[in-house]
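The values are calculated or read from the model by the stated rules, or taken from the named source; none is laboratory data. Quantities reported herein were computed from a predicted structural model and do not represent experimental measurements. No Cβ is skipped: glycine too gets one built from the backbone with ideal geometry, and neighbour counts run over all protein chains shown.
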Amino acid sequence: MSGVAVADPVEVELDRSEGRRPWRLLLATAWSQHRTKIGVGITLLIVGIALIGPFVAPYEPDQGVEGQFPFSPPSSETWFGTDDLGRDVFSRFLAGGVSVLILAGASTAIGIVLGVAVGLAAAYSRGKLDDVLMRTMDVLLSLPQIVFALVLAATVGPELWLLVLAVGLTTMPRAARVTRGAAVEVVEKDFVRAAEAIGLPRRRILMGEVLPNIASPLIVETTLRMTFNVAVVAGLSFLGFGLQPPAADWGLMINENRNGLTIQPWPVILPVVAIALLTIGTSLIGDGISRAAIGIERGRGRE
Amino acid sequence: MHGLTGFVVRRLLLGVLTLFVTSVIIFGATQALPGDAARSILGRSATPESLAELRRQLGLDQPVLTQYWEWISGVLTGDLGTSLANSLPVSDVIGEPIVYSLFLMVLAAVISVPLGIALGAVSARRRDSAFDQTTSVATLGLAALPEFVVGITLVVLFATTVFQWLPAVAVTEPGVGPWNYPKELILPVITLVIAVVPYTARIMRASTVEILESDFVEMARLKGLPERRVLWRHAVPNALAPTFQVTALNLAYLAGGIVVVEAVFNYQGVGLLLVDSVRARDMPVVQAVALLIAALYVILNLLADLATILVSPRLRTSLS
């Protein structure tokens, strides 16, 4: 990609922050901006609904409410009406967020861990292995995440572990590029040379010396990947390749109820708004952190 | 080889290599995983005889390398195999959807690229103004939204719940080109435009801001050129290079985005075909569409590199 920073940096006074760990300084600087606080607020709201929701749902999310027809309008019994099978929309909404969080979180974690491993190996080894690893990552990028997941789903069927694996594997090359890009400079630094000279094992050097020094770009990348993976995971379950009926899941809810939009829009509107807020929240956090990272970088450059 | 031709040849070779490896991945993904296509198609209750028969029919009883060779040599000679769903040649099945998808993507690109460039350039020119702030927040928010969320929201707003101005789904007839359905195209195109414009605008703003601070722009100002001319004649052309890169990546990403958007609007392109074929476990079609999308990505990247050279004066002279 290009070397142009998309976000404007925040001004950072470094003298105040001497001696602090890089990621602490990063998070503190990020937190000083309004957008980060708003992002954290929105994200916590949706995560809270998703985590607590299943325990406070007024009805069984996968059973019809007695005496209610499919697509009933909101009433005092069912606050947001019923869905295509006469189930309580509000209960399904409360119960249906946790799957998106777990699937997106797990696939992001797998992707980042694999990507960091590949990126570190490439940056540290340089030469042939570097070329082979990074060209392989480039090739993986030529299939959009959702297409790769669909190819796998065509063979195995809509399995959740497969969805996590597919989204994780397609997160890997993106994380690997960022890791290598940042680590390539760090491995040339004196303290890495020193660690090599005293004979520290390679794993200790990579995990103890290199990794902490590329924490900033990795934190930025992780929030960005989380945003995208929420979209991919929710999109796949919207297409019917995530959780299967009668499970309650935001993506699935939208798919099941979109034919009833003209008479009962709530089973579509609630999950759509929740997914939208979740992605906007995480991307605000990511934007705040990346502005902070660039600001810190520029501040160092001035010294 | 030197110069532009050498560069193009090298990039072409790299593209071909990428596609080759991608074809191996696409093929391998359907082989390496537990379970096989025959069982998936026939279900758990299938008899061993019918399984064996279908495996033979699909060529699954052959060694993997033979199967790959059969497939890839077919692809290269234009024989993409036979659809399992309707026994038609895959090339017949994907012909019309390709036209539908390309039309949708080209329309979205033609609208969103100039729009994104203009928004980004004006934001950079009026840095920190109300316009810039609004654009910044709007593009950040819109860039985060999944395409199906945007699509469904548009359906709620303009096709079903709030207003009923536009069709919610594209009901099209086979053999009729997508250009005959202007009303059906509006919402899918807007969805894709909303997916692309934020990225283009943000990168364009960032690179224009950088260029506006550079020496040669200062020089142009000192010559007494009006600011408008400085922006559009001096800064913008130089800011286009990184923008093209990002835009090409985005259009390639659109190849993934159309899958969901076409499913939302029931638009009969390759994306919807892919989803339907995955549901039907129609492997020959799935493989063909996946390879097609990868090819599109490689071609768009190549075009982006070429466009970058052609629009940036410095690179152009260094290569020729």
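Select, from A:GLY235, A:GLY288, the only residue that is facing chain B (nearest Cβ under 9 Å) and either buried (at least 18 other Cβ atoms within 10 Å of the Cβ) or in a helix (DSSP H, G or I) (or both). Explain how you work it out, then say what you get.
Values: A:GLY288 fails: facing chain B (nearest Cβ under 9 Å).
Going through A:GLY235, A:GLY288 in turn, just one is facing chain B (nearest Cβ under 9 Å) and either buried (at least 18 other Cβ atoms within 10 Å of the Cβ) or in a helix (DSSP H, G or I) (or both): A:GLY235.
Looking only at residues of region A:133-192 that are facing another protein chain (nearest Cβ under 7 Å) and outside any helix (DSSP H, G or I), we find that the one that is farthest from B:VAL259 (Cα to Cα) is A:GLY157. When B:ARG281 is tested against (1) in a helix (DSSP H, G or I); (2) facing chain A (nearest Cβ under 9 Å), exactly one condition is not met: (1). So A:ALA274 clears everything in (1) under 18 Å from the mean Cα position of the chain (by Cα); (2) at the interface with chain B (Cβ under 9 Å from one of its Cβ atoms) except one condition, right? Which one? Among (1) under 18 Å from the mean Cα position of the chain (by Cα); (2) at the interface with chain B (Cβ under 9 Å from one of its Cβ atoms), A:ALA274 violates only (2).
For (1) within 30 Å of A:ALA149 (Cα to Cα); (2) under 19 Å from the mean Cα position of the chain (by Cα), each residue gets a yes or a no:
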{"residue": "A:ARG180", "(1), (2)": "yes, no"}
{"residue": "A:LYS189", "(1), (2)": "no, no"}
{"residue": "A:ARG202", "(1), (2)": "no, no"}
{"residue": "A:SER216", "(1), (2)": "yes, yes"}
{"residue": "A:VAL220", "(1), (2)": "yes, yes"}
{"residue": "A:ALA234", "(1), (2)": "yes, yes"}
{"residue": "A:GLY240", "(1), (2)": "yes, no"}
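Select from region A:111-133 the residues that are surrounded by 18 or more Cβ atoms within 10 Å (Cβ to Cβ) and aliphatic (A, V, I, L, M) and list them in ascending order.
Of the residues in region A:111-133, the ones surrounded by 18 or more Cβ atoms within 10 Å (Cβ to Cβ) are A:111-112, A:115-116, A:118-124, A:133.
Scanning region A:111-133 gives A:ILE112, A:VAL116, A:VAL118, A:LEU120, A:ALA121, A:ALA122, A:ALA123, A:LEU133.
Set side by side, the residues A:THR262, A:THR222 differ, and just one is more than 7 Å from chain B (Cβ to nearest Cβ) and over 14 Å from A:GLY96 (Cβ atoms), which is A:THR222. The number of residues in region A:270-285 being among the hydroxyl-bearing types (Ser, Thr, Tyr) and surrounded by fewer than 24 Cβ atoms within 10 Å (Cβ to Cβ) comes to 0. Pairing each residue of region B:140-158 that is more than 22 Å from A:LEU284 (Cα to Cα) with any residue that is polar (S, T, N, Q), provided the two are 6+ apart or on different chains, yields C-beta distances under 7 Å for B:LEU154/B:THR191.
Kindly indicate whether A:ALA57 is touching a strand residue (DSSP E or B) at 6+ places or on another chain (Cβ under 9 Å) and of a type in the set (Gly, Ala, Ser). It is true that A:ALA57 is touching a strand residue (DSSP E or B) at 6+ places or on another chain (Cβ under 9 Å) and of a type in the set (Gly, Ala, Ser).
Results for (1) at pLDDT 85 or above; (2) surrounded by fewer than 24 Cβ atoms within 10 Å (Cβ to Cβ); (3) among the small types (Gly, Ala, Ser); (4) farther than 30 Å from A:SER99 by Cα, shown as yes or no for each residue.
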{"residue": "A:ALA154", "(1), (2), (3), (4)": "no, no, yes, no"}
{"residue": "A:LEU160", "(1), (2), (3), (4)": "yes, yes, no, no"}
{"residue": "A:LEU165", "(1), (2), (3), (4)": "yes, yes, no, no"}
{"residue": "A:THR170", "(1), (2), (3), (4)": "yes, no, no, no"}
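For B:SER136, the criteria (1) within 14 Å of another protein chain (Cβ to nearest Cβ); (2) within 30 Å of B:ILE299 (Cα to Cα) hold in every case but one, which is (2). Reported count of residues in region A:74-122, each being in a helix (DSSP H, G or I) and of a type in the set (Phe, Trp, Tyr), is 2. Is it the case that B:THR208 is surrounded by 18 or more Cβ atoms within 10 Å (Cβ to Cβ), modelled with pLDDT under 80, part of a helix (DSSP H, G or I) and within 13 Å of another protein chain (Cβ to nearest Cβ)? No: the conditions fail for B:THR208.
Every residue, every condition in (1) modelled with pLDDT under 80; (2) outside any helix (DSSP H, G or I), yes or no:
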| site | (1), (2) |
| --- | --- |
| B:ARG221 | no, no |
| B:GLY224 | no, yes |
| B:ARG229 | no, no |
| B:ASN238 | yes, no |
| B:THR243 | yes, no |
| B:THR247 | yes, no |
| B:ASN250 | yes, no |
| B:ALA255 | yes, no |
| B:VAL264 | no, no |
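Residues that are more than 9 Å from every other protein chain (Cβ to nearest Cβ) and more than 11 Å from B:THR22 (Cα to Cα) within region B:286-295 comprise just one, B:ALA288.
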